[in-house]
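Peer 1: Got a structure for you, questions after.
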Amino acid sequence: MASRRGAPPLPLRLRRLLRSPISRCACFIVALTVLLVVLSLRQIARVDLPRSDLPHQVPNEQLWVSNGYGYHACVTPTHRYIGPIESDRYMTVRSNGGLNQMRTGICDMIAVARLVNATLVIPQLDKRSFWQDTSTFKDIFNEPGFIKALEGDVHIVSDLPESLQSAPRARKHFTSWSGASYYEDVKELWKDHKVVHVPKSDSRLANNGLPIDIQRLRCRCLYQALRFSDPIEDLGKKLVERLKSRGKFIALHLRYEKDMLAFTGCTYGLSESEADELRIMREKTSHWKLKDINSTEQRSGGNCPLTPHEVGMFLRAMGYTKSTWIYIAAGEIYGGDKYISKLRSYFPNLVSKEVLATKEELEKFKNHASQVAALDYIISVESDVFIPSHSGNMARAVEGHRRFLGHRKTLTPDR
């Protein structure tokens, strides 16, 4: 067979190979494969890379609904539980700390009074803490309802009997995180005194290893008996209704107040003058133990609250849209609009109690930090989603209360 004019003839062996059907098929497959690879590379080049500024798309139900996992509240006393036994022992208490520290401490003292079989006098509240709040027990809590709700558990009175008002009292700092056996020994104090005074209520009782009925009593106290006073409850419910009228909402416990940043020594993102201001505040606050704090180590150890900017990025990454309503459950944010504006750039629908309530409604709570904090507590418990930027007393208290009410959705960022 003659070759094309000008082209060299193919070798005989190659001409015979090309005449084979198998060889022709193999060549076709190789050519097709090369073509597909080229087309694929061109298609990949046209595909945009995922944009980091767009939120991850999460099903709406997953954003707002929590799985209760089949758990339910368990506060009913066991069949072995009996009512309080008559006793001439009295215990007075000074509750220390902020609102949620006092709430937990009060209910721990209820459990302690049950363990030592003493009558509890309505606790005095802390008026010397950072907040300088002069509120009494009845200003913040529903005192008659508290006494009535626990009458089958502990004897509670508003004040000492007249005969014991001037009686000598034993003063005892209970050891932190103590168990039931410790309080068996504490009973000896009432052999010489009819009244024992407890100067601090926080962290006086162990979290675990207690009789089941004592644990259930603590829960009944925290979530059923210790209700807020009527003025606080009434306004709290109104603010919740105003928020829910706008749709689902997030309660954000944004712990970015001056005292929190000074106490933790967290100065990430702040100016040098702001960091100095916080350091001076920490050094001047006598009851704060740590003075020299390395901010970088604090942050790397996960001990710092998220900044408003970081909270915005976190929520967008979780899939919440720009139209989401967010209630700021917090005091005055350090730096004001300078820092909160960074969160507002992600979520314009930011509101606070000052926005939702009228000046007249808030007037009665003015200069009473614990009462204002109680409003934030109510709204946080009733929110569709609760998100704390730091794991402090309120974050833990609200999360626990929401679990008690059916595992309502709470998101805790890993700092």
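Peer 1: Residue by residue through segment 88-101, which ³J(HN,Hα) values in whole Hz follow from phi under the Karplus form 6.51 cos²θ - 1.76 cosθ + 1.60 (θ = phi - 60°), with glycine and proline marked x?
Peer 2: Going residue by residue, I get 9, 8, 10, 10, 9, 9, 10, 7, 10, x, x, 3, 6, 5 Hz, with x marking Gly and Pro.
Peer 1: Mind putting a number on the dipole of segment 90-225 about its Cα centre? Charges go on the C-beta only, +1 for Lys and Arg and -1 for Asp and Glu, and I need it in Debye to the nearest 20.
Peer 2: 180
Peer 1: Over all directions, how big on average is the projection of the convex hull of the alpha-carbon atoms in segment 207-357, in square nanometres? Please list the in-between numbers first.
Peer 2: Values: hull surface 50.5 nm².
With every direction weighted equally, the projected area is 12.6 nm².
Peer 1: For segment 288-415, take every pair of Cα atoms, bin their distances at 10 Å starting from 0, and report each bin as a whole percent.
Peer 2: 11, 37, 38, 13, 1
Peer 1: Determine, for each peptide in 173-183, 74-84, 290-300, the mean count of other beta carbons within 10 angstrom over its residues, then list the peptides with the highest first.
Peer 2: Result, highest mean first: 173-183, 290-300, 74-84.
Peer 1: Starting from the amide H of H197, placed 1.01 Å from N in the peptide plane, find each other amide H under 5 Å away whose residue is 5 or more places distant or on another chain.
Peer 2: Amide H neighbours of H197: T92, A170, R171, K172.
Peer 1: Determine ³J(HN,Hα), in whole Hz, for all residues of segment 376-381 in sequence, where each value follows from phi through the Karplus function 6.51 cos²θ - 1.76 cosθ + 1.60 and θ = phi - 60°; x replaces Gly and Pro.
Peer 2: 4, 4, 4, 5, 5, 5
Peer 1: Something else: Under a Cβ-Cβ cut-off of 14 Å, what is the net charge of the residues other than K366 that fall near it, where Lys and Arg count +1 and Asp and Glu count -1?
Peer 2: On the way: positive: K353, K359, K364; negative: D133, D139, E332, E354, E360, E361, E363.
Around K366, the surrounding residues sum to -4.
Peer 1: For F141, list long-range residues whose amide hydrogen, built 1.01 Å from N in the peptide plane, is under 5 Å from its own amide hydrogen.
Peer 2: It is S229, by chain and number.
Peer 1: What's the center-to-center distance, using Cα atoms, between segment 244-323 and segment 81-106 in Å?
Peer 2: 33
Peer 1: Compute the Kirkwood hydrodynamic radius of segment 90-225, taking the inverse of the mean of 1/r over all pairs of distinct Cα atoms, and give it in Å to one decimal.
Peer 2: 15.1
Peer 1: If you place +1 on the Cβ of every Lys and Arg, -1 on the Cβ of every Asp and Glu, and leave all else neutral, what size is the dipole of segment 303-415 about its Cα centre, to the nearest 20 Debye?
Peer 2: Its charge dipole is roughly 260 debye.
Peer 1: Apply the Karplus curve 6.51 cos²θ - 1.76 cosθ + 1.60, θ = phi - 60°, to the phi angles in segment 143-159 and return the couplings in whole Hz, x for Gly and Pro.
Peer 2: 5, x, x, 5, 5, 5, 5, 10, 5, x, 10, 8, 6, 10, 10, 6, 7
Peer 1: What trypsin sites (Lys or Arg not before Pro) in segment 96-156 are in a loop by DSSP, with at most 16 other Cβ atoms within 10 Å of the Cβ?
Peer 2: K127, R128
Peer 1: If the limit is 20 Å between Cα atoms, which of K291/K338; K127/K338; K200/K237; K244/K322 go over it?
Peer 2: K291/K338; K127/K338; K200/K237
Peer 1: Right, here's the next one. Rounded to a whole number of µm²/s, how large is the Stokes-Einstein D of segment 178-235 at 4 °C and 1.567 mPa s, given Rh as the Kirkwood radius over C-alpha pairs?
Peer 2: Working: Rh = 14.1 Å.
The diffusion coefficient I find is 92 µm²/s.
Peer 1: Right, another one. Hey, if you put +1 on the Cβ of every Lys and Arg and -1 on every Asp and Glu Cβ in segment 116-236, which of P231, H155, Y182 ends up farthest toward the positive end of that dipole?
Peer 2: About the Cα centre, the residue reaching furthest to the positive side is Y182.
Every read-out reported here was derived from the displayed coordinates using simple, explicitly stated rules and does not represent laboratory data. This is a predicted model, so every value here is computed, not measured. In this analysis, Cβ positions are derived from the backbone assuming ideal geometry, glycine residues included, and neighbour counts consider all displayed protein chains.
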